[in-house]
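None of the figures in this text is laboratory data; all of them are computed from the coordinates on show. Quick caveat: nothing in here was measured; it's all calculated off a predicted structure. We place every Cβ from the backbone using ideal geometry, glycine too, and count neighbours over all the protein chains shown.
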Amino acid sequence: MVVNAFRRLEARPELVLDVVRLYLGVGLFVRGLALLGVDAGVLKLAGGPLPGVPLTGIAIYVMAAHLVGGALMIVGLYTRLAALIQVPVLIGAVFLVHWQEGLLSANQSLEFSALVLYLLLVVCVFGGGSWSLDARWRT
């Protein structure tokens, strides 16, 4: 049964993009929902106030990017744009928030954030797959 599933994926590798898009979309949307009710989480995510940028602006961008971008990625609408608006958030998460923790920390936030950043870049380059609204509109 597992072998058959792998054979089907080999015949249609673009389905992997659909799985990646759905995984990222659901995860980012849920993260955005979680950030709506947690001020401390947004403060930690933003890494504290940055010079010249109010924390409120950063928090609103992060939540909106995760909620709107995640929802768009789930359905595969404007998928590349939805992934692209997440990239600054994940760059901040990797380099401003989790970098000082280093690799192999107990919570592995750096590794996970870097993985999500990488997968977002893959979606930016290759699109959302064949089971997206973007693909339906192209045909």
Using the Cα atoms as the points, what is the convex hull volume per residue of segment 12-138 in Å³?
-> 105 Å³
Could the peptides 14-20, 24-30 be put in order, highest first, of the mean number of other beta-carbon atoms found within 10 Å of their residues?
-> 24-30, 14-20
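Rounded to the nearest 20 debye, what is the charge dipole size of segment 12-138 about its Cα centre when +1 sits on each Lys and Arg Cβ and -1 on each Asp and Glu Cβ? List each step's numbers first, then the result.
Numbers: 7 positive and 6 negative charges, 62 e Å.
So the dipole magnitude of segment 12-138 works out to roughly 300 debye.
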